[in-house]
């Protein structure tokens with residue numbers, strides 16, 4: 001499965017980036033607006049939520065639990081420096097999807113025990129989208145994390161993130177990664193809608209057995 | 001037949017995703033379901049056939065199944 005993470009580029013606003021992803025067939029949007037004011041995030045979240053509803057897409061807001069409490073997205077994504085999972089769960093309740101960012105197996109284990117519903121695991125490689133980056137994982141990093149998860153019987157969907165391109169998808173899926181999160185590779189394409197369609201097709205052609 | 005749900009084997013007779021969702025007690029909202037890596041939106045569940053060996057990823061708040 002493919003998650004699109006909004007990004008603001010010279011060409012597109014955050015909301016436009018979400019619209020392009022939805023038009024390209026993506027059905028899982030994370031609204032991420034770093035360095036924006038709460039008012040800007042609130043306004044964009046309302047707009048993206050109604051777009052996602054129209055497309056029956058899952059809508060996740062990055063970090064802003066208080067805004068999520070008002071807007072009622074399907075869930076939130078919490079980075080390593082954001083609010084702890086347990087506290088967000090108290091605020092948003094049992095029905096919210098809560099994802100967490102992991103860079104190591106220990107992170108995955110902690111998030112799983114804290115009640116996260118999926119893991120955004122990365123970064124796969126260096127990316128300019130995110131400023132404060134943890135060490136890159138590469139294929140080998142994911143292999144080790146997935147194998148430790150199996151050893152410890154930790155079953156939670158893992159989405160790979162960070163500079164992933166179409167060529168990486170088969171390698172990641174082969175390891176047992178459940179999904180990929182994309183942002184700049186879509187928006188930097190000449191035609192982001194077509195690029196999203198193409199990526200979704202590639203992810204689908206891989207039957208994860 | 002057997003399908004995998006979040007990498008765990010599940011025995012089912014459900015012929016489509018809607019029936020499988022009922023078997024798994026999936027909530028009607030706040031959920032993302034992918035069959036063989038394709039996210040299937042809620043209104044399409046009934047038209048999404050389930051076959052032996054299919055791989056499902058379910059992301060939802062209250063985990064069970």
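State all residues of region B:22-41 that are crowded, with 17+ Cβ neighbours inside 10 Å and within 11 Å of chain A (Cβ to nearest Cβ); if no residue qualifies, say none.
Within region B:22-41, B:30, B:31, B:32, B:33, B:34, B:35, B:36, B:37, B:38, B:39, B:40 meet the criteria.
Given the condition in a loop (DSSP other than H, G, I, E, B) and touching a strand residue (DSSP E or B) at 6+ places or on another chain (Cβ under 6 Å), answer yes or no: does some residue in region A:102-119 qualify?
yes
So which pairs qualify, if the first residue must be in region A:108-132 and under 13 Å from residue A:183 (Cβ atoms), the second must be modelled with pLDDT under 95 and part of a helix (DSSP H, G or I), the Cβ gap must be under 6 Å, and the two must be at least 6 apart or on different chains?
A:129/A:184
Could you please let me know if residue A:99 is touching a residue at least 60 places away in the same chain (Cβ under 8 Å), out of contact with any helix residue (DSSP H, G or I) (no Cβ under 9 Å at 6 or more places or on another chain) and not in a helix (DSSP H, G or I)?
Here the answer is no, as residue A:99 does not meet what is asked.
Quick one: would you say residue B:56 is out of contact with any strand residue (DSSP E or B) (no Cβ under 8 Å at 6 or more places or on another chain) and more than 7 Å from every other protein chain (Cβ to nearest Cβ)?
No: the conditions fail for residue B:56.
What do you reckon, is residue A:173 touching a residue at least 24 places away in the same chain (Cβ under 8 Å), within 11 Å of another protein chain (Cβ to nearest Cβ) and more than 18 Å from the chain's Cα centre (by Cα)?
Criteria not met by residue A:173.
Does region A:132-140 include one or more residues that are surrounded by 17 or more Cβ atoms within 10 Å (Cβ to Cβ), in a loop (DSSP other than H, G, I, E, B), modelled with pLDDT of 90 or more and in contact with a helix residue (DSSP H, G or I) (Cβ under 9 Å, 6 or more places away or on another chain)?
The answer is yes; a qualifying residue exists.
Given the conditions (1) surrounded by 23 or more Cβ atoms within 10 Å (Cβ to Cβ); (2) in contact with a helix residue (DSSP H, G or I) (Cβ under 6 Å, 6 or more places away or on another chain), report the number of the one that residue A:166 does not fulfil.
Only one criterion is unmet by residue A:166, namely (1).
Can you tell which of A:94, A:90 is at pLDDT below 95 and out of contact with any helix residue (DSSP H, G or I) (no Cβ under 9 Å at 6 or more places or on another chain)?
The conditions single out A:94.
The values are calculated or read from the model by the stated rules, or taken from the named source; none is laboratory data. What you are looking at is a predicted structure, and each value in this text was computed from that prediction instead of being measured. Reconstructed Cβ throughout: ideal geometry from the backbone, glycine too, with neighbour counts over all protein chains shown.
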